[in-house]
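**Student:** Sharing a structure here in structure tokens format.
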Amino acid sequence: MKTFLKVVIFSVAVILFYAFYANVMIPQVRPAPPPAEAKLDMGSLTMEQFIHMGDEIFHGKGTCELCHNPVGGRAPLLDQVGKIAEERIKDPRYKGKAKTGEEYIRESMKEPSTFVVAGFGVKGTNDTQSPMPVVTSGAIGLKDFEVDAVIAYFQQKAGVTVTVQLPKETPKATEETHVADPAKSGEEVVTKYGCGACHKIAGQQGALGPDLTKIGAKKNKDYLRRAVLNPNADIAPGFPAGMMPPDFGTKMLSGEFEILIDYMVKSK
Ligand code: HEC
Ligand code: HEC
């Protein structure tokens with residue numbers, strides 16, 4: 001009992017001390033400015049930082065990992081693509097313009113259907129059409145220097161010489177979607193979480209999953225909730241299980257989730 005009292009008294013003392021200290025001793029604190037590294041100074045960018053940027057784009061705003069991951073198995077793994085790229089351009093099926101591995105990877109990102117890795121084409125097209133979205137336009141919209149950063153990341157990962165050049169000028173700041181900014185409309189939620197990479201939805205043309213432009217005519221809210229939170233609970237007929245990422249439920253804000261479900265239910 002005595003110890004308990006001591007703890008209480010001590011805690012109260014600490015709280016009072018900080019309340020006093022915070023209000024009187026320090027001038028009222030303003031929100032801290034964003035960390036300096038948020039604004040990258042391209043002038044003094046090192047290759048190491050550039051590769052790190054590519055790593056972040058691959059796992060973040062590029063949405064590459066939605067498909068290029070060892071779980072879904074619907075896109076080739078890219079750990080060795082820095083090396084494999086050289087082989088691709090010698091493939092008899094290759095009809096693109098790339099002369100080097102670097103050019104092949106850039107072309108894969110800008111015009112995915114130029115060469116379709118065997119077995120990964122859109123169903124029924126005999127590997128002539130890639131389901132991968134053009135990542136330099138539309139919702140993903142990577143800038144040229146961001147494409148280069150991803151190539152540098154791939155080359156380093158595969159252990160080959162990094163051939164891309166560092167950007168010469170400071171590129172215009174890209175508008176990053178901050179995870180903390182809640183999306184306010186169905187379209188924004190779709191863009192923020194990359195649904196359009198796989199689905200036809202909100203003007204985007206994904207080709208790996210079912211067309212969702214009229215999903216509300218067939219499915220109710222309960223079904224749609226479950227489809228996003230637990231994609232493997234029901235598998236849309238004719239589509240592969242295990243491909244839709246199972247973790248949107250933990251990433252989305254609850255408000256965003258409700259906006260998204262409303263949006264889909266009204267798509268008729
Ligand atoms: C919607 C799924 C999807 C997304 C998102 C996606 N890809 Fe792909 N990607 C594929 C598929 C499927 C293939 C294989 C078919 C082909 O060759 O186009 C592929 C092929 C590639 C290749 C050629 C691989 C090889 O072995 O020749 C590269 C390079 C590549 N993707 C890079 C990227 C990068 C970088 C991003 C993100 C900026 C990305 N992809 C986003 C599905 C996707
Ligand atoms: C990497 C590709 C991929 C991404 C990204 C993706 N999905 Fe899917 N989704 C699929 C596939 C494949 C299916 C069909 C298999 C299944 O039912 O799980 C599917 C199924 C669905 C279904 C059920 C459709 C039906 O007719 O039963 C809904 C709804 C859905 N997705 C919504 C979304 C939403 C919303 C997002 C973004 C938050 C999203 N998906 C992101 C691949 C994806």
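**Student:** Using a simple spin-label model with points 7 Å from Cα along the Cα→Cβ vector, what separation in nm is obtained for Lys221 and Lys123?
**Tutor:** 3.1
**Student:** Is the C-alpha gyration tensor of region 39-157 telling us rounded, prolate or oblate? Criteria: a/c under 1.5 is rounded; beyond that, a/b larger than b/c is prolate, otherwise oblate.
**Tutor:** Working: a/c = 1.88, a/b = 1.55, b/c = 1.22.
Cα axes put region 39-157 in the prolate bin.
Readers should treat all values here as calculations from the given coordinates under stated rules, not as data from a laboratory. Just so you know, these numbers come straight off a predicted model, no measurement behind them. For neighbour counting, all protein chains shown are included, and Cβ atoms are generated from backbone atoms with ideal geometry for every residue, glycine included.
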